[in-house]
Amino acid sequence: MFEQLKLTYDFSALEPHIDTLTMETHYGKHHAAYTNNLNGAVAKLPELAGKSIEDILVNLGAIQDPALQTAIRNNGGGYYNHNLYFAILAPGGSKAPSGSLLEQINTDFGGFDALKDKLSALANGQFGSGWAWLASDAEGNLRASSTPNQDNPLMQDGGKFIPILGIDVWEHAYYLKYKNLRGEYVKSFFEVVNWDEVAARYRAVSGR
Ligand code: MN3
């Protein structure tokens with residue numbers, strides 16, 4: 001039984017960057033629905049019992065029934081992606097990366113501002129619903145990318161790159177406050193990223 005990440009902050013805690021009603025709806029309705037639908041689909045696939053969500057998403061191709069594979073892709077992706085998204089947002093925490101994560105950002109992207117520019121371009125350029133990602137492989141190499149729908153880097157390259165930061169650019173993530181101005185939401189997103197949490201995830205993936 002997969003459970004939603006428990007929020008460590010109030011729905012209002014990310015104001016004015018991400019508004020209370022969006023947080024209530026996004027976490028309480030959208031994320032809850034992905035979680036419930038994932039559990040419903042997993043219940044029909046006994047071979048998935050006890051597997052981690054990461055394991056399931058890396059091995060989507062092993063699910064034979066096409067409808068159930070799609071259900072797991074969409075809802076398992078939604079479950080995993082939102083658990084990451086809500087975990088790396090916080091009212092406190094570091095406003096910028098430091099240490100080994102910053103060093104690798106400098107190496108791979110030419111600095112923190114350049115990384116933000118790259119991720120913003122990916123987020124703003126993703127046609128329709130999807131996500132922009134910062135992901136790390138086991139050696140600590142970073143990669144920025146975007147995916148449609150609820151896909152994520154785990155579903156590509158045998159899961160070589162593990163997401164450590166995700167920007168949700170589905171309209172439900174911003175439309176109540178920002179309407180059609182996705183770029184304004186993406187700018188605000190970076191105001192509430194907790195880089196301590198991103199660094200902890202980088203360490204867990206890369207050992208650095
Ligand atoms: Mn969402």
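Checking every one of the trypsin sites (Lys or Arg not before Pro) in the stretch 1-69 against DSSP loop status and a limit of 15 other Cβ atoms within 10 Å picks out Lys6, Lys44, Lys51.
Along the stretch 66-79 the Karplus relation, 6.51 cos²θ - 1.76 cosθ + 1.60 evaluated at θ = phi - 60°, assigns HN-Hα couplings of x, 5, 6, 4, 5, 4, 6, 4, 6, 8, x, x, x, 5 Hz to successive residues, with x for each Gly and Pro.
Extension gain for the segment Ala204 to Asn36, taken as residue separation times 0.36 nm less the Cα-Cα distance, is 57.7 nm to one decimal.
Rounded to the nearest Hz, the phi-derived 3J(HN,Hα) couplings of the stretch 163-174 under the Karplus curve 6.51 cos²θ - 1.76 cosθ + 1.60 (θ = phi - 60°) are x, 10, 8, x, 10, 6, 10, 5, 4, 5, 7, 8, where x marks glycine and proline.
Taking the 1.4 Å solvent-accessible surface of the chain as the whole, the part contributed by carbon and sulfur is 51%. Spatially, the stretch 61-82 and the stretch 15-59 are offset by 11 Å when compared through their Cα centroids. What is the calculated FRET efficiency for Glu103 to Lys187, with r their C-beta to C-beta distance and R₀ = 25 Å, to the nearest 0.05? Approximately 0.50, to the nearest 0.05. Average accessible surface for the stretch 99-206: 42 Å² per residue, computed with a 1.4 Å probe over protein heavy atoms with every protein chain in place. Rg/Rh, computed from the Cα trace of the stretch 99-206 with Rh as the Kirkwood radius, has the value 0.96. Taken one residue at a time, the phi angles of the stretch 188-196 give Karplus couplings (6.51, -1.76, 1.60, θ = phi - 60°) of 5, 3, 5, 6, 10, 6, 8, 6, 5 Hz. Gly and Pro are set to x. The slack between Gln64 and Ala138, meaning 0.36 nm per residue of separation minus the straight C-alpha distance, is 23.7 nm. Extension gain for Ala49 to Glu15 (0.36 nm times residue separation, less C-alpha to C-alpha distance): 8.4 nm. Against the empirical 2.2 N^0.38 Å (N residues), the stretch 20-87 has a Cα radius of gyration ratio of 1.13. Against the compact-protein benchmark of 2.2 N^0.38 Å, the Cα-based radius of gyration of the chain scales to 0.99.
Identify which of Ala43, Ala138, Ala173 has the largest mean-square fluctuation in a Gaussian network model of the chain, with springs joining Cα atoms closer than 10 Å. Looking only at Ala43, Ala138, Ala173, the biggest GNM fluctuation is shown by Ala43.
The values are calculated or read from the model by the stated rules, or taken from the named source; none is laboratory data. Small disclaimer: the values here were computed from a predicted structure and weren't measured. We place every Cβ from the backbone using ideal geometry, glycine too, and count neighbours over all the protein chains shown. Heads up: the accessible areas ignore ligands, DNA and RNA and are worked out on the full protein's heavy atoms, side chains in. Shrake-Rupley method; radii C 1.70, N 1.55, O 1.52, S 1.80 Å.
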